[in-house]
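Computed from the coordinates by the stated procedures, all read-outs in this text should not be read as laboratory data. What you are looking at is a predicted structure, and each value in this text was computed from that prediction instead of being measured. All Cβ positions, glycine included, derive from the backbone under ideal geometry; neighbour counts span all protein chains shown.
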Amino acid sequence: MQDTIIRIIDFFHRPFEKFIPIKTFRYAAIGGGNMALDLVLYYLIFHYVLDQKNVDFGLFVMSSHIAALFMVYPITLTSGFFLQKYITFQDSNLKGWVQFFRYFQVSIGSIFINYILMKVFVDMMHFYPTPSKLLTTIVAVIFAYISQHFYTFKTTKAE
């Protein structure tokens with residue numbers, strides 16, 4: 001499966017190979033696919049699972065657009081980690097558990113960015129939740145790429 005995904009992504013990279021490094025293209029392809037999964041799941045959960053209704057936890061009430069964000073998170077965290085680890089950042093020589101811990105840390109930063117921006121766009125600026133989620137995801141992706149490249153999946157020098 002890994003080789004098939006790599007071959008497909010690399011095939012579509014050919015027209016762009018003079019402009020975009022293969023690792024960046026793979027990151028964008030995998031990240032784009034995971035972002036699409038995230039948006040579809042968010043839409044389905046927000047509209048059909050939560051029916052756009054707030055979630056009452058007894059001690060507090062969570063708005064449906066934020067609850068959907070937290071429900072989608074573990075799914076896309078897992079899929080994103082494995083795809084980036086085995087497709088994009090294969091050359092990283094850090095141990096898998098270190099990579100996952102770092103990936104989790106970066107994802108916490110991303111979810112914090114998502115949370116703050118969703119609160120701003122939806123609750124303060126009264127934008128519709130799904131387009132707001134798309135805008136916040138773009139900001140979070142830029143943060144994540146820089147962090148994943150230089151922190152999570154970095155290649156350490158052999159001593």
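In summary, the stretch 120-159 shows an alpha-carbon radius of gyration equal to 1.80 times the 2.2 N^0.38 Å reference for compact globular proteins. Computed from point charges on the beta carbon alone (+1 for Lys and Arg, -1 for Asp and Glu), the dipole magnitude for the stretch 2-152 about its Cα centre is near 340 Debye. Taking amide H positions as modeled 1.01 Å from N, with prolines and chain starts lacking one, the residues under 5 Å from N54 and 5 or more places away or on another chain are S64. In order along the stretch 68-81, phi translates into HN-Hα couplings of 4, 4, 6, 6, 7, 3, x, 5, 6, 4, 5, 5, x, 4 Hz, rounded to whole numbers, per the Karplus curve 6.51 cos²θ - 1.76 cosθ + 1.60 with θ = phi - 60° and x for Gly and Pro. Across all Cα atoms of the chain, the radius of gyration (one decimal) and Dmax (whole number) stand at 17.3, 56 Å. Count Lys and Arg as plus one, Asp and Glu as minus one, and take only other residues whose Cβ is under 12 Å from that of D91; the net charge is then +4. Ordering Q99, S63, L50 by the projection of their Cα atoms onto the charge dipole of the chain, which places +1 on the Cβ of Lys and Arg and -1 on the Cβ of Asp and Glu, puts Q99 at the extreme positive end. Rounded to the nearest 10 degrees, the inclination of helix 96-118 to the longest alpha-carbon principal axis of the chain is 40 degrees. Pairs to check: K18/K119; K53/K85; K85/K133; K95/K119; K18/K154. Give those whose C-alpha atoms are more than 32 Å from each other in this structure. As for pairs spanning more than 32 Å Cα to Cα, those are K18/K119; K53/K85; K95/K119. Take the Cα of Q52, step 7 Å toward its Cβ, do the same at I108, and the gap between the two points is 3.5 nm. How far is it, in nm, from the label point at T4 to the one at L135 when both lie 7 Å from their Cα along the line to the Cβ? For the pair T4/L135, the computed spacing is 3.9 nm.
Multiplying the residue separation of I142 and F101 by 0.36 nm and subtracting their alpha-carbon distance yields 12.8 nm.
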